[in-house]
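Participant: Let me give you the structure first, and then I'll get to my questions.
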Amino acid sequence: MKVGFVSLGCSKNLVDSEQMMGMLKGAGHVLVSNPRQADAIVINTCGFINPAKEESINTIFEMSRYANKIIVVGCLAERYEEALREEIPEISAIVPIHDYDKLPSILKDLLEQDGEVPYYNGLRTISGNPWSAYLKISDGCSNHCAFCAIPLIRKEQKSKLIPEILEEAQLLASMGVQELTLIAQDTTKYGLDNYGQLMLGTLLKELDKIEGLRWIRILYMYPDEIDEDLLQAMKESSKVVPYFDIPMQHASNRLLKMMNRRGTKEDVQALTQKIRTMFPNAVLRTTVITGFPSETEEDFEELMEFIQDIQWDRLGGFVYSKEEDTPASFLPEELTVDPEIATNRLTRLMETQKEISFQSNKRKIGQVLDVLVEDFDPIAHLYHGRSAADAPDEVDGQVIFTSENSLELGTFIPVLINEASQYDLYGQALDSTH
Ligand code: SF4
């Protein structure tokens with residue numbers, strides 16, 4: 001049967017999608033990219049904030065014009081299963097997050113195929129560039145930040161076992177993956193639920209031994225769980241890149257407390273200093289929220305100062321979105337920040353960050369960076385790639401460069417940086433690939 005697949009939302013959802021696509025292929029289905037050719041379409045939805053929910057619903061309606069079997073999975077489906085069933089009769093089936101392995105048999109029932117369809121056989125598809133893949137080390141989250149619906153949707157953290165992760169990493173490496181990006185709702189809490197202690201450092205030591213991998217990157221670290229063991233494991237590793245993605249959410253200690261975030265502004269300050277001392281090439285990335293209930297202009301100014309003080313190399317920002325049933329949604333209405341003010345604060349923040357990113361990029365001029373070649377623009381005769389400082393997502397920039405020789409995509413090449421913009425670097429490839 002021909003199956004279309006739409007993956008919405010974050011990289012964690014993408015990993016689920018890739019695993020489901022692998023299962024479907026293993027079960028004999030053919031994946032098609034043109035929805036008009038599909039007998040059934042699976043939509044992996046996002047339910048993180050309102051715009052994401054709207055996009056998911058619009059996608060369901062849009063896809064139902066192409067195929068009459070629509071299967072909805074993912075966060076939105078998990079959270080609003082009943083409402084979706086009632087409101088959107090076009091949906092043929094909703095598969096809960098913990099039942100993804102049943103997807104092939106559900107499809108089989110829907111499509112009334114003959115014969116047995118095997119279950120998930122461990123295969124996984126890589127939907128993006130074949131040299132880069134995400135690996136999800138745990139699912140769910142036990143942090144319960146007051147603004148976040150993820151613990152309501154995905155429940156408490158459940159980590160995979162180390163052998164299971166190593167097997168998946170080996171498989172990905174054998175498929176040609178050279179860049180592995182570890183993800184979870186909170187990667188640094190890895191292992192606490194099943195091993196009784198933080199185990200990310202131990203896991204990294206094992207992953208470091210896998211042949212074929214060149215860069216291992218960790219996303220979504222919780223500041224107070226970045227301990228000495230983890231930093232040492234990162235330092236001793238030859239593959240883990242000194243990339244620190246540490247969502248901080250805010251800098252006002254009063255707001256951090258209201259957000260149910262552990263640690264203080266001062267803790268993050270000390271941590272970032274320590275990281276920069278231990279890793280001179282460290283890349284620091286964070287995420288913040290503006291307009292959390294009761295945020296005052298003073299709180300916001302404190303955040304701005306903190307951003308300037310730390311000089312994060314990368315920063316992503318969101319306007320607070322009230323998500324039903326989260327602890328923050330029960331805060332008194334009078335604490336609500338006018339959405340216009342919240343948006344304006346985010347704009348000011350991003351303007352400030354532009355200059356910080358520009359300065360951070362300018363410091364790279366004259367350096368030779370190892371760049372993973374990812375694309376070629378035949379009209380401009382320019383290659384596009386990423387250095388270890390750029391995660392494979394929309395937040396980070398790219399390295400755009402010329403080369404006298406023709407380069408193979410998916411290889412690493414030294415590039416001399418000679419120009420910088422706020423987001424991207426420009427340069428020239430040096431001799432042959434290495
Ligand atoms: S750490 Fe906080 S923001 Fe991140 S998924 Fe968990 S509860 Fe949500």
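We did not get these values from a lab; they are worked out from the coordinates using the rules stated. Because the structure is predicted, anything quoted here is derived from the model rather than measured. Note: ideal-geometry Cβ built from the backbone for every residue, glycine included; neighbour counts use all protein chains shown.
Participant: How many percent of Cα pairs in region 362-410 exceed 19 Å?
Facilitator: Values: 293 of 1176 pairs.
Of all Cα-Cα pairs in region 362-410, 25 percent lie more than 19 Å apart.
Participant: Right, here's the next one. Hey, got the Cα dimensions of the chain along the principal axes, in Å, largest first?
Facilitator: 62, 62, 48
Participant: By count of other Cβ within 10 Å, fewest leading, how are Tyr320, Tyr195 ordered?
Facilitator: Exposure proxy ranking, most exposed first: Tyr195, Tyr320.
Participant: If you don't mind, there's one more thing I want to ask. For region 217-268, what is the convex hull (Cα atoms) projected area averaged across all directions, in square nanometres? Before the final figure, lay out the partial values.
Facilitator: Working: hull surface 14.6 nm².
Projected over every direction and averaged, the Cα hull of region 217-268 covers 3.7 nm².
Participant: Please work out the C-alpha center-to-center distance from region 206-228 to region 1-64 and express it in whole Å.
Facilitator: So the separation of the two Cα centres works out to 29 Å.
Participant: If you wrap a convex hull around the Cα atoms of region 55-95, how much volume per residue is inside, in Å³? It would help to have the intermediate numbers written out before the result.
Facilitator: Numbers: hull volume 2.4 nm³, N = 41.
About 59 Å³ per residue, rounded to a whole number.
Participant: Compute the Rg to Rh ratio over region 189-231 from the alpha carbon atoms, using the Kirkwood formula for Rh, and round to two decimal places.
Facilitator: On the way: Rg = 11.2 Å, Rh = 11.4 Å.
Ratio of gyration radius to Kirkwood radius: 0.98.
Participant: Next question. Rounded to whole Å and sorted largest first, list the principal axis extents of the Cα atoms in region 152-254.
Facilitator: Taking the Cα atoms of region 152-254, the three principal extents are 48, 28, 22 Å.
Participant: Would you kindly enumerate the cysteines in the chain that have no other Cys beta-carbon under 4.7 Å from their beta-carbon?
Facilitator: Within the chain, the cysteines lacking a partner Cβ under 4.7 Å are Cys10, Cys46, Cys75, Cys141.
Participant: For region 20-119, which semi-axes, largest first and in whole Å, follow from the square roots of 5 times the eigenvalues of its Cα gyration tensor? If you can, show how the numbers build up before the last one.
Facilitator: Numbers: eigenvalues 99, 44, 30 Å².
The three semi-axes for region 20-119 are 22, 15, 12 Å.
Participant: Still on this structure, please answer the following. GluC sites (Glu not before Pro) within region 386-434: which are DSSP loop residues with at most 10 other Cβ atoms inside 10 Å?
Facilitator: Working: sites: Glu394, Glu404, Glu408, Glu419; in loops: Glu394, Glu404, Glu408.
Filter output for region 386-434: Glu394, Glu404, Glu408.
Participant: Hey, fewest Cβ within 10 Å first, where do Ile153, Ile289, Ile88 land in order? Mind dumping the intermediate values first?
Facilitator: Numbers: Ile153 21, Ile289 24, Ile88 15.
With the fewest neighbours first, Ile153, Ile289, Ile88 line up as Ile88, Ile153, Ile289.
Participant: I've got another one for you. Give, to the nearest whole percent, the P(r) tail of region 225-338 beyond 17 angstrom, counting all Cα pairs. Mind dumping the intermediate values first?
Facilitator: On the way: 3719 of 6441 pairs.
When all Cα pairs of region 225-338 are counted, 58 percent exceed 17 Å.
Participant: Another question about this same structure. Reported to two decimal places, what Rg/Rh ratio describes region 273-391 when computed on Cα atoms with Rh from the Kirkwood expression? Working shown, then result.
Facilitator: Values: Rg = 18.6 Å, Rh = 17.1 Å.
For region 273-391, the value is 1.09.
Participant: I'm a student and want to see the number: the projected area of the Cα convex hull of region 291-353, averaged over all directions, in nm².
Facilitator: Values: hull surface 18.0 nm².
Its average projected convex-hull area is 4.5 nm².
Participant: Quick check: pseudo-label points 7 Å beyond the Cα along Cα→Cβ at Ser174 and Lys257, how many nm apart are they?
Facilitator: Spacing of the two 7 Å Cα→Cβ label points: 5.4 nm.
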